[in-house]
Amino acid sequence: MPSILIAIALILASLVSPPSVAEKSYDNTVVVHVERGHGSGVLFSRGDQTFVWTVGHVADCHMNDDGTFREFTIRQGDKRGTARAIRVGDSYIEQDIALLQVTSGNIAGDAHFYRAFNEIKLGQQVVHCGTPFYPRLNERLILYGRISHVGRMFSFRDQPIPRELDQCNVSAYPGCSGGPVFDAKTGGIIGLMSIGGNPCLTAIVPTRAIYEWAKKHDCLWAFDPEVPMPSSITPWRSDALERLIRQRDTSAIDDRWGSKPEPEPEPEPEPTPAPEQGVDLSPGGEIIELPVIWDRSVGRYHLRKRTGDFFKRSVVT
């Protein structure tokens with residue numbers, strides 16, 4: 001008789017048990033379609049507002065030549081929707097992070113970030129969900145792994161400031177970028193997939209970096225459900241001068257590596273030409289050098305020159 005009661009209790013418990021971390025990972029992961037490809041992302045909802053956390057190099061692939069972003073297509077299984085970019089990190093000089101806002105479609109999620117993000121342990125078991133290679137064949141695959149390194153410094157494409165990423169032994173390939181990596185026990189997000197490859201070359205943007213980035217870019221309300229939502233959400237604005245200042249600020253490199261570079265000599269000021277020479281000295285004609293922009297023709301970040309008034313109009317729409 002006791003064995004029968006135990007069996008009945010186990011059956012009832014299985015019927016009312018909450019979904020597993022793998023199931024929640026699957027339900028909260030989306031495919032982010034961009035020009036000539038796709039990435040992955042994770043859903044975070046606040047009331048009737050839903051946001052998608054992904055990585056900056058996925059959003060960069062959907063940027064127009066004038067610095068604005070096209071509308072993103074988001075897919076969650078059979079559900080389709082659209083989203084706009086509201087925050088995009090410049091992965092060349094800061095963290096590889098982007099935040100989108102769902103604008104249409106019945107898409108929502110209940111993912112949450114890992115609270116103890118400063119206490120990530122080596123060997124901690126993780127669950128990753130992403131869409132490698134072909135969305136029709138591999139949409140939202142679940143992969144298991146463990147944290148293999150915490151706080152590795154990465155620098156690619158001559159980045160002036162190295163980024164601190166965590167590594168895990170999960171295989172991730174093109175299309176997994178931006179996909180969430182969850183703690184296998186609590187289901188909290190501990191990072192976003194940033195660098196993929198074989199298990200020895202996989203790195204994630206850790207949640208502790210996402211938290212600092214969200215504070216810096218005034219979007220902590222899309223990270224912490226206890227932070228009040230703003231009355232209106234202003235999209236990210238491309239500010240050339242601010243980005244130029246960030247690129248020239250090498251204090252982060254000095255702090256990380258303990259060395260200060262030799263100061264460069266200040267260039268001698270060029271003489272101001274007379275107006276009759278026909279040189280345009282108006283703000284609209286001033287040449288400003290953008291530290292970096294994604295060039296789809298060559299598939300890398302590099303410097304470009306644009307006029308000053310161009311950046312004043314460069315607003316995410």
Output the residues belonging to region 216-242 that are assigned to a helix (DSSP H, G or I) and at pLDDT 50 or above. Lys216, Leu220, Trp221, Ala222
I'm trying to understand the selection: among the residues of region 139-198, which are over 21 Å from Ala111 (Cα atoms), surrounded by fewer than 18 Cβ atoms within 10 Å (Cβ to Cβ) and among the basic types (Lys, Arg)? Arg152, Arg157
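Where in region 51-122 are the strands (runs of 3 or more DSSP E), entirely inside, with at least 2 residues that are surrounded by fewer than 24 Cβ atoms within 10 Å (Cβ to Cβ) and touching a residue at least 60 places away in the same chain (Cβ under 8 Å)?
79-88
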Would a scan of region 126-133 turn up a residue that is surrounded by 15 or more Cβ atoms within 10 Å (Cβ to Cβ) and at positive phi? no
Index of the failed condition, Ile86 passing every other in (1) within 26 Å of Val126 (Cβ to Cβ); (2) within 15 Å of the chain's Cα centre (by Cα); (3) modelled with pLDDT under 95: (1)
Give the residues of region 69-121 that are polar (S, T, N, Q) and out of contact with any helix residue (DSSP H, G or I) (no Cβ under 6 Å at 6 or more places or on another chain), sorted by residue number. Thr73, Gln76, Thr82, Gln101, Thr103, Ser104, Asn106
Odd one out for Tyr211, checked against (1) modelled with pLDDT under 90; (2) within 19 Å of His57 (Cα to Cα); (3) surrounded by fewer than 21 Cβ atoms within 10 Å (Cβ to Cβ); (4) not charged (D, E, K, R): (1)
Scan region 112-128 for residues that are touching a Cys at 6+ places or on another chain (Cβ under 9 Å) and within 21 Å of Gly77 (Cβ to Cβ) and jot them down. His128
When region 19-36 is examined, which residues are found to be without any contact (Cβ under 8 Å) to a residue 60 or more places away in the chain and of a type in the set (Gly, Ala, Ser)? Ser20
In region 185-215, how many residues are touching a Phe, Trp or Tyr at 6+ places or on another chain (Cβ under 7 Å) and part of a loop (DSSP other than H, G, I, E, B)? 3
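The values are calculated or read from the model by the stated rules, or taken from the named source; none is laboratory data. Note that the structure is a prediction, hence the values are computed from the model and not measured. Cβ sites come from the backbone with ideal geometry, for glycine too, and all protein chains shown count toward neighbours.
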